[in-house]
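Engineer: Could you have a look at this structure, given as structure tokens, before my questions?
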Amino acid sequence: MKRIAVLASGNGSNFQAIIERVRDGAIPGRIIRLITDNPGAYAIERAGRAGIEVRVIDFRSFDSRSDYDRVLEQAMDETRADLFVLAGYMRLLNDKTAAKFAGKMINIHPSLLPSFAGLHAQRQAIEYGVKVAGCTVHFVDEEMDSGPIIIQRVVDVAETDDEDSLAQKIMIHEHQALPYAVQLFCEDRLRINGRQVQILKDAE
Ligand code: GRF
């Protein structure tokens, strides 16, 4: 059983999707802790209901970014997790932390990367006028919304879509893609070769 730690800053609906796939046995792992930078995150309620320990590291209580980064890295270390899942964690990790957990940290982003990295990806997609959009689950590296891609899911963009309706469409796929990537990781079925991620049919 893999040890999974989740980092989330807000609502935590992706976190919830993982909780449910662990509960129904699809993910052979255990969520050992939620780490959040936001004491007001609804994800904290979700963790409470699921009996998952929470570590709050309130970003605003730190004088400097480097103090926050140090405490966060320590908190991540303490979990001894096999996998760290960024599920709506809205801060960039510093290079040192990203490098330290390379190959064992994944992120969900609501666009078809490398298009529309960064904030408000759905708004960027609408403004650009793309006809398809989607979500990407990828390993985390030192750059923002970069790193080898594990899964992408595509949705059609309708002429009537706005940022909110597109975000809702994409979210349905996020809630499937992220738990599935967690499942594949926990089943030891992901191999990183440079930028490519190979998905093995069966665990080796
Ligand atoms: C999701 O759209 C995710 O892709 C992005 O932040 C949002 C988090 O939503 N990184 P939630 O907190 O999981 O509901």
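The values are calculated or read from the model by the stated rules, or taken from the named source; none is laboratory data. For clarity, every value in this text was computed on a predicted model and none was experimentally measured. Cβ placement follows ideal geometry from the backbone for every residue including glycine, while neighbour counts extend to all protein chains displayed. Only protein heavy atoms, including side chains, enter the accessible area calculation; ligands, DNA and RNA are left aside. Shrake-Rupley method; radii C 1.70, N 1.55, O 1.52, S 1.80 Å.
Engineer: Can you give me the long-range amide H partners of residue 111? Hydrogens built in the peptide plane at 1.01 Å from N, cutoff under 5 Å, separation of 5 or more residues or another chain.
Structural biologist: 136
Engineer: Quick check: pseudo-label points 7 Å beyond the Cα along Cα→Cβ at residue 71 and residue 24, how many nm apart are they?
Structural biologist: Label at residue 71, label at residue 24, 3.8 nm between them.
Engineer: Under 5 Å between amide hydrogens, which residues at least 5 positions from residue 7 or on another chain qualify, with H placed 1.01 Å from N in the peptide plane?
Structural biologist: Under 5 Å from the amide H of residue 7 lie the amide H atoms of 35, 85, 86, 87, each far enough along the sequence or on another chain.
Engineer: Kindly report the accessible area of the stretch 92-192 per residue (heavy atoms of protein chains, probe 1.4 Å, no ligands, DNA or RNA), in Å². Don't skip to the answer; put the middle values down first.
Structural biologist: Details: 4850 Å² over 101 residues.
Accessible area per residue: 48 Å².
Engineer: Also, I was wondering about something else. Where does each of 201, 169, 96, 2 land when they are ordered by accessible area, with a 1.4 Å probe and the largest first? Intermediate values should be presented prior to the final figure.
Structural biologist: Working: 201 175, 169 65, 96 135, 2 45 Å².
Largest accessible area first, the residues go 201, 96, 169, 2.
Engineer: For residue 104, put the label point 7 Å out on the Cα→Cβ axis and report which residues of the stretch 83-98 keep their amide N under 17 Å from it.
Structural biologist: Answer for this model: 83-86, 96-98.
Engineer: To the nearest Å, what is the center-to-center distance of the stretch 62-98 and the stretch 110-166, using C-alpha atoms only?
Structural biologist: The two parts, judged by their Cα centres, are 24 Å apart.
Engineer: What FRET efficiency comes out for residue 63 versus residue 90 if R0 is 22 angstrom and r is the Cβ-Cβ distance? Round to the nearest 0.05.
Structural biologist: Values: r = 20 Å, r/R0 = 0.92.
The computed FRET efficiency comes out at 0.65.
Engineer: What does the helix-only formula give at 222 nm for the chain: each DSSP H stretch with n ≥ 4 adding -39500 (n - 2.57), the total divided by the residues, and the result rounded to the nearest 500 deg cm²/dmol? Before the final figure, lay out each step's value.
Structural biologist: Values: 6 runs with 72 residues, N = 204.
Counting only the DSSP helices, I get -11000 deg cm²/dmol.
Engineer: What ranking of 109, 175 comes out by heavy-atom accessible area, probe 1.4 Å, highest first? Present the calculation step by step, with values, prior to reporting the outcome.
Structural biologist: Details: 109 10, 175 60 Å².
Accessible-area ranking of 109, 175, largest first: 175, 109.
Engineer: Report, to the nearest whole %, how much of the accessible area of the chain belongs to carbon and sulfur atoms, 1.4 Å probe, protein only.
Structural biologist: Details: 4900 of 10200 Å².
Roughly 48 percent of what the probe reaches on the chain is carbon or sulfur.
Engineer: Something else about it: If each of residue 192 and residue 159 carries a label point 7 Å out from its Cα toward its Cβ, how far apart are those two points in nm?
Structural biologist: 4.4
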